Amino acid sequence: MENVNFTLNLFIEYLQIEKNYSEYTIACYKHDIGEFFEFMEREQIEGLQQVSYSDVRLFLTELHQRKQSSRSIARKMSSLRSFYKFLLREKIVLENPFALASLPKKEQRIPHFLYPDELEQLFVVNDLNTAIGQRNQALIELLYATGIRVSECCNIRLSHIDFSVCTILIYGKGNKQRYVPFGTYAKEALERYIQDGRQQLASKAKTPTDILFLNARGGALTPRGVRHILNEVVEQAALSLKVSPHVFRHTFATHLLNEGADLRSVQELLGHAHLSSTQVYTHVTKDHLRYVYLHSHPRA
């Protein structure tokens, strides 16, 4: 088989430089395309030019047999379609066998969110006399106050925060910028952490950084670190829930819509490029309306 890895590296360069995709998105592309390369080896397909539409159908069948979700399959097919589109542009192949493949319809998953009483339990367990407790409190207050993605949260620098108007400059997908407001609870938690806890953590660092959220060694907190912190906070709160950073994002959007915020404004705050990405939350608010009806109407 030809040197497919060299071709993949060209594509990754294109995603980084021309498309300005995030590291996470690029990692997904690499994983999806790498999986197809393994399939090519098993099927003894000599090179990218030799892949046919029947090979694509066989690959699809294999993914279904492995019980992969339609959402996961759709992403893989989309990644490979983009990869071959790039190969066509660069004249590495003569046709795109993935262009004819129909993508499986993604199942519409209703986002999981937290109720106010569950949130309250998370907000009261952190020891605000410690640097770690102050950081954790600031972290969960900010995630709920803004609905930002975990990658966006880990990239916030001190210079991005404007306390005078309570806004943060966020660098989202494709490095797109947006300003996101935060409220008084988040402001109080952030100020306490920056003035006290963060300084304690920063003193342990070998190299100074102006990244907002730091780990116990004074380095920048990673998305994986944030997930670990949330697991610990949930355990301390004795909640039998699985709470990821994205659950805070879902909760932020759901609570705004439940309180009457319009869909376009929520789209802007979340940094969604398409309104359809935000519309999934309307299903949640319908559930909320039914809950209110059943618990409030005398003859429900």
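Being assigned by TED's automatic domain parsing to the domain that holds Ala220, more than 20 Å from Gln267 (Cα to Cα), buried (at least 17 other Cβ atoms within 10 Å of the Cβ) and touching a residue at least 60 places away in the same chain (Cβ under 8 Å) is true for just one of Ala145, Ala189, Ala138. Which residue is that?
Ala138
Please determine, by comparing only the residues of segment 6-20 that are part of a helix (DSSP H, G or I) and polar (S, T, N, Q), which one is modelled with the lowest pLDDT.
Checking each candidate, the answer is Gln16.
Which of the helices (runs of 4 or more DSSP H) contained wholly in segment 21-122 include at least 1 residues that are within 15 Å of Asn5 (Cα to Cα)?
Because the criterion is at least 1 residues that are within 15 Å of Asn5 (Cα to Cα), the helices (runs of 4 or more DSSP H) in segment 21-122 that meet it are 23-42, 70-89.
Quickly run through segment 152-176 and pick out the residues that are outside any helix (DSSP H, G or I) and over 16 Å from the mean Cα position of the chain (by Cα).
If the condition is that a residue be outside any helix (DSSP H, G or I) and over 16 Å from the mean Cα position of the chain (by Cα), then Arg157, Ile161, Asp162, Phe163, Ser164, Val165, Cys166, Thr167, Ile168, Leu169 are the ones that fit.
Yes or no: Leu201 over 21 Å from Gln267 (Cβ atoms), modelled with pLDDT of 95 or more, aliphatic (A, V, I, L, M) and not in a loop (DSSP other than H, G, I, E, B)?
yes
Can you name every residue in segment 124-152 that is modelled with pLDDT of 95 or more and closer than 20 Å to Thr209 by Cβ?
Ala131, Ile132, Gln134, Arg135, Asn136, Ala138, Leu139, Leu142
What residue, of Arg57, Arg75, Arg71, is in contact with a Cys (Cβ under 8 Å, 6 or more places away or on another chain) and either of a type in the set (A, V, I, L, M, F, W, C) or touching a residue at least 24 places away in the same chain (Cβ under 8 Å) (or both)?
Arg75
The values are calculated or read from the model by the stated rules, or taken from the named source; none is laboratory data. All values reported here derive from a predicted model rather than from experimental measurement. Glycine gets a Cβ as well: all are built from the backbone with ideal geometry, and neighbour counts include every protein chain shown.
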